[in-house]
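Notes to accompany the following structure.
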Amino acid sequence: MELIHDVMNILVPLVVLIFLILFYPPYLVYKLLSFIKRSITTEDVRGKVVVITGASSGIGEHIAYEYAKRGARLVLAARREDRLLAVADKALKLGCLDVKVIRADVAKVEDCKRLIEEALNYFGRLDHLVNNAGIERHSLFEEINQIADFIPIMDINFWGSAYCTHFAVPHLKKTKGKIVVIASTASWSPTPGLNIYNASKAAQTSFFETLRTEFGGAIGVTIVLPGVIESEMANSQTLAEIGLDILPSESTGRCAKAIVNSACRGDMFLTEPFWVGVGYLQKVLCSEFTEWQYHKHFVKKLQKHHAGKKN
């Protein structure tokens with residue numbers, strides 16, 4: 001058995017290298033042609049039913065407006081009903097055919113079940129599920145006093161999307177619908193201070209990649225990896241505290257438009273803005289440099305902020 005592994009340690013990398021040299025360029029051409037085809041045959045969502053979690057502000061709010069402009073029917077969910085009503089009113093003015101507001105906390109499995117049931121009772125079908133609800137809390141791991149305070153990050157970011165998806169899947173299969181997952185570049189970025197948040201987004205990304213494989217095309221899954229996007233969660237103060245204020249932020253409206261376009265094309269992944277994806281290549285190819293660079297910039301920034309709070 002040991003000999004087999006010794007041989008495979010030599011052969012497998014060689015075979016993969018040869019495969020990449022011979023077949024990767026044609027594969028890239030196929031990817032380009034596939035993208036062009038999807039762009040031409042993009043889905044018309046007029047009259048279709050779209051459930052959006054975390055729709056009271058930020059990316060979720062503007063995703064609602066983008067679907068509204070395309071004439072979709074919306075189910076808007078979040079914990080702040082007053083904010084949802086304002087979003088619903090604007091969505092109707094933008095062209096939404098009908099909208100239902102449901103107050104729900106996606107961290108509670110019973111709320112997620114009720115959300116999908118009420119959407120179906122009202123509209124009778126489900127075409128798109130946008131798992132957008134998410135929260136962020138930052139601190140260096142060593143400086144966390146109560147680790148339990150960070151449990152809601154996983155409950156909302158990961159389990160919330162899993163709960164809603166669990167109840168929506170049978171109905172999405174009937175319409176050959178789509179799931180849109182608002183993950184984050186944090187799923188691969190080892191940004192200090194965002195340890196639990198990064199883990200929640202990594203779990204979310206891996207989970208929906210696996211589901212897409214299980215569905216085999218019966219339900220489309222678009223995983224969105226936003227960079228620094230203007231929102232309540234990523235406001236200027238928070239970005240400065242973490243050290244992410246060195247990066248230019250993208251407007252929420254621009255990001256939301258790219259997301260809905262991507263979902264209607266049926267993309268597997270969307271990194272928005274596109275240039276942020278270069279960081280992933282840097283991490284894969286130069287992991288030691290990436291971690292040194294992140295430690296040098298972000299840890300000192302967070303330590304300084306923590307010391308200032310103590311004083």
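The values are calculated or read from the model by the stated rules, or taken from the named source; none is laboratory data. Note that this is a predicted model, so its numbers are computed, not measured. FYI the Cβ positions are ideal-geometry reconstructions off the backbone, even for glycines, and counts take in every protein chain you see. Calculation scope for accessible area: heavy atoms of the full protein, side chains included, ligands and nucleic acids excluded. Shrake-Rupley method; radii C 1.70, N 1.55, O 1.52, S 1.80 Å.
A few points about this structure:
- THR238 falls short on exactly one of the conditions (1) at pLDDT below 95; (2) open to solvent by 30 Å² or more (accessible area, probe 1.4 Å); (3) assigned to a helix (DSSP H, G or I), and that condition is (2).
- Inter-residue pairs, beta-carbon under 6 Å, first on the phi > 0 side of the Ramachandran plot and in region 80-99, second open to solvent by less than 80 Å² (accessible area, probe 1.4 Å), 6+ apart: GLY95/ALA68; GLY95/GLY71
- Residue within region 88-96 that is surrounded by fewer than 18 Cβ atoms within 10 Å (Cβ to Cβ) and acidic (Asp, Glu) present: yes
- Selection within region 187-201: residues that are closer than 13 Å to ASP155 by Cβ and open to solvent by 30 Å² or more (accessible area, probe 1.4 Å). The member of this set that is farthest from the chain's Cα centre (by Cα) is ILE196.
- Criterion violated by THR252 - all others in (1) surrounded by fewer than 16 Cβ atoms within 10 Å (Cβ to Cβ); (2) touching a residue at least 24 places away in the same chain (Cβ under 8 Å) satisfied: (1)
- Conditions (1) open to solvent by 70 Å² or more (accessible area, probe 1.4 Å); (2) in contact with a strand residue (DSSP E or B) (Cβ under 6 Å, 6 or more places away or on another chain): number failed by GLU232: (2)
- Here ILE223, ILE246 are screened, and the one residue that is surrounded by fewer than 16 Cβ atoms within 10 Å (Cβ to Cβ) and either more than 23 Å from TYR294 (Cβ to Cβ) or touching a residue at least 12 places away in the same chain (Cβ under 8 Å) (or both) is ILE246.
- Taken residue by residue, region 51-66 has no member that is closer than 23 Å to LYS173 by Cα, in contact with a helix residue (DSSP H, G or I) (Cβ under 7 Å, 6 or more places away or on another chain) and among the aromatic types (Phe, Trp, Tyr).
- Yes/no for THR185 being in contact with a Gly (Cβ under 6 Å, 6 or more places away or on another chain) and more than 23 Å from ARG80 (Cα to Cα): yes
- Residues located in region 63-108, provided they are in contact with a Gly (Cβ under 6 Å, 6 or more places away or on another chain) and closer than 20 Å to ARG254 by Cα: ALA68, LYS69, GLY71, GLY95
- Positions within region 268-294 being touching a helix residue (DSSP H, G or I) at 6+ places or on another chain (Cβ under 8 Å) and aromatic (Phe, Trp, Tyr), in sequence order: TYR280, PHE289
- Residue in region 151-163 that is modelled with pLDDT under 95 and touching an Asp or Glu at 6+ places or on another chain (Cβ under 8 Å) present: no
- For the condition at pLDDT 95 or above, surrounded by 17 or more Cβ atoms within 10 Å (Cβ to Cβ) and small (Gly, Ala, Ser), ALA263 qualifies.
- With respect to the conditions (1) touching a residue at least 12 places away in the same chain (Cβ under 8 Å); (2) open to solvent by 10 Å² or more (accessible area, probe 1.4 Å); (3) farther than 22 Å from ARG114 by Cβ, ALA68 lacks only one, and its number is (2).
- Pairs are defined by a Cβ separation below 6 Å, a sequence spacing of at least 6 or placement on different chains, a first member in region 191-202 that is under 15 Å from ALA162 (Cβ atoms) and hydroxyl-bearing (Ser, Thr, Tyr), and a second member that is open to solvent by 10 Å² or more (accessible area, probe 1.4 Å) and in a helix (DSSP H, G or I); the pairs so defined are SER200/MET154; SER200/PHE158.
- Flag if GLU2 is within 16 Å of ALA133 (Cα to Cα), modelled with pLDDT under 95, out of contact with any helix residue (DSSP H, G or I) (no Cβ under 7 Å at 6 or more places or on another chain) and surrounded by fewer than 21 Cβ atoms within 10 Å (Cβ to Cβ): no
- Scanning region 142-181 for residues that are assigned to a loop (DSSP other than H, G, I, E, B) and either touching a residue at least 12 places away in the same chain (Cβ under 8 Å) or open to solvent by 50 Å² or more (accessible area, probe 1.4 Å) (or both) returns ASN145, GLN146, LYS176, GLY177.
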